[in-house]
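Here is the structure we will look at, set down as structure tokens.
Just so it is clear, none of the values below were taken in a lab; they were calculated from the coordinates. Values in this document were obtained by computation on a predicted structure and should not be read as measured data. Glycine also receives a Cβ, built like all others from the backbone with ideal geometry; neighbour counts cover every protein chain displayed.
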Amino acid sequence: MSGYWIGKIFYHEDIRDMGSGNIGTTNAFRTLGVKAGIVVMILDIAKGTVATLLPGMLGFHGVNPLIFGLVAVLGHCFSIFMHFHGGKAVATTAGVMLGYNWQFLLVCAVILLITLLLTSTMSLASITSFVLGTIYSFFIGDLFLSVICVIACAVTIYAHRENIKRIKNGSESKIPFGFPYWSSKKTH
């Protein structure tokens, strides 16, 4: 919801009526600009991190923190305050992993950045990172992490279903980053 509130308070715009209509980080970058996009990204990451750290802060040491993180991810995607619409939870999930296992997050972030460099397509980079990150989670030996990764991956693929259609037909938006973007600028 941070994309919605940043748009309303600082830009007097409803981000749901702009770009993809999504309230998340990527749409905030595209429609509100870099400053707003960075703020939305930080807030969405913080939401996931705080949710994951909350059980420990409250002394609930018998509760796996990933349960709280998963609730934050689902709440971001299917917000009760926005009639069960929301963002795609990429940044929020990154925050969950930051709070739970930063080394795992680092591997997923490297996958995302490499894919982004090769494709200039944020949705494809996000999906690739989630799928490969989920596969990687099976080799870590943390069953609960693997279960949460499978759920988060399924939610992410579902949230990106329209993006997947656009990727297939070649109409998905590129971002101003990566080799395809830079090479298109050289030809102009």
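Kindly put 15, 148 in sequence by how many other C-beta atoms sit within 10 Å of each C-beta, fewest to most. Mind dumping the intermediate values first?
Values: 15 27, 148 23.
Lowest count first: 148, 15.
Note that region 89-175 carries a Kirkwood radius of 13.1 Å, evaluated over its alpha carbons pair by pair. Taking only the Cα atoms of the chain, the radius of gyration and Dmax are 16.6, 59 Å. Summarising the label geometry, the points placed 7 Å from Cα in the beta-carbon direction at residue 102 and residue 184 lie 3.6 nm from one another. Scaled to the globular estimate 2.2 N^0.38 Å, the Cα spread of region 1-81, given as radius of gyration, is 1.22.
By the count of other C-beta atoms within 10 Å, a proxy for reagent exposure, 104, 139, 130 are ordered fewest to most as 139, 104, 130. Straight-line cross-link reach from residue 168 at under 28 Å between alpha-carbon atoms covers these lysines, not counting any fewer than eight positions away in the same chain: 88, 185, 186.
Multiplying the residue separation of residue 8 and residue 144 by 0.36 nm and removing their Cα-Cα distance gives an extension gain of 45.2 nm. Could you work out how far the C-alpha centroid of region 96-124 sits from that of region 37-69, in angstrom? Computed from Cα coordinates, the inter-centre distance equals 18 Å. Here's the picture: charge each Lys and Arg Cβ at +1 and each Asp and Glu Cβ at -1 in the chain, and of 43, 169, 27 the one pushed furthest to the positive end of that dipole is 169. As a rough footprinting exposure proxy, the listed residues 157, 6 were ranked by other beta carbons within 10 Å of their own, and the order from fewest upward is 157, 6.
Placing +1 on the Cβ of every Lys and Arg and -1 on the Cβ of every Asp and Glu, with nothing else charged, gives the chain a dipole about its Cα centre of roughly 500 debye.
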